[in-house]
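As structure tokens, the structure follows; a few thoughts come after it.
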Amino acid sequence: VDCGVEFFPQTQEGGDAFIRIGPESLVEVCQFLKMDPGMDFKLLHCLSGVDYGDHLSSVIHLFSLTHRHWLTVKAECPKDNPVLPSLATVWKAANWHEREAYDLLGIQYEGHPNLRRILLPDDWEGHPLRKDYQMPDDSMYPWESDSPPESGSGHPAPSRPTAPGSESQPLQRPTTG
């Protein structure tokens, strides 16, 4: 029976092998992974949302305490219709993890018992972990203004740390003395 499961072996050092499951069979396959004695993935270690640019994905890390093995599961959905079935009925821990992915990436988990924001205020617009997200107001970062404010100690306030090779100034630390 084809249930939409694809295996992707580890292709680079440090990378994880994973299986990709279609949304239509995600719950059924995950129930099997949890309940089958040969699999026995009773522990949902982590469920995260990821924006790959052209699609969103839930990345689910499972662990078997009995067999001491790991499994990574990925379920993808389009950005314009980010809907996946909830795994909260399979693992209770999925409840909070799915709420976080919903809040920060906008993935809708069908069948979730209480899908609402968990980190951001209810009136927050957008999903800040999406690659196309634009910060709503630059005044949230006053240190990015043209003239750095004083810290009160006579030294300029530390600037925001930047990535190596960027045009901005690196983090400045006040001197003691």
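Taking θ as phi - 60° and the Karplus parameters 6.51, -1.76 and 1.60, the scalar couplings of region 100-115 work out to 5, 5, 5, 5, 8, 10, x, 6, 8, 9, 5, x, 5, x, 7, 6 Hz in sequence order, x denoting glycine and proline. Between Ala17 and Asn81, the contour length at 0.36 nm per residue exceeds the alpha carbon distance by 20.4 nm. Taking amide hydrogens as placed 1.01 Å from N in the peptide plane, the amide H of Ile118 sits under 5 Å from those of Asp103, each at least 5 positions away in sequence or on another chain. On the basis of the beta-carbon distance and an R0 of 35 Å, Arg116 and Thr66 show a calculated FRET efficiency of 0.50. Compute the Cα gyration tensor for region 55-104, then decide on rounded, prolate or oblate, letting a ≥ b ≥ c be the square roots of its eigenvalues: rounded whenever a/c is under 1.5, prolate when a/b is larger than b/c in the other cases, and oblate in all that remain. Taking the square roots of the gyration eigenvalues as a ≥ b ≥ c, region 55-104 is prolate. On the beta carbon distance between Gln134 and Val50, with R0 = 22 Å, the FRET formula returns roughly 0.70. Give me the net charge of Arg117's neighbourhood, meaning all other residues with Cβ under 10 Å from the Cβ of Arg117; Lys, Arg count +1, Asp, Glu -1. Taking every Cβ under 10 Å from that of Arg117, the sum is -2.
Would you mind telling me the antiparallel percentage of the DSSP bridges in region 1-145, rounded to 5?
Percent antiparallel among DSSP bridges in region 1-145 is about 80.
Using 0.36 nm per residue and subtracting the Cα-Cα separation, the extra length available between Gln10 and Glu125 on full extension is 37.7 nm. Close Lys pairs in region 1-137 (alpha-carbon distance under 25 Å; sequence gap of 8 or more, or different chains): 8.
Computed from the coordinates by the stated procedures, all read-outs in this text should not be read as laboratory data. None of the values given here were measured: they were computed from a predicted structure. With ideal geometry, Cβ positions are generated from the backbone for all residues, glycine too; neighbour counts draw on all protein chains shown.
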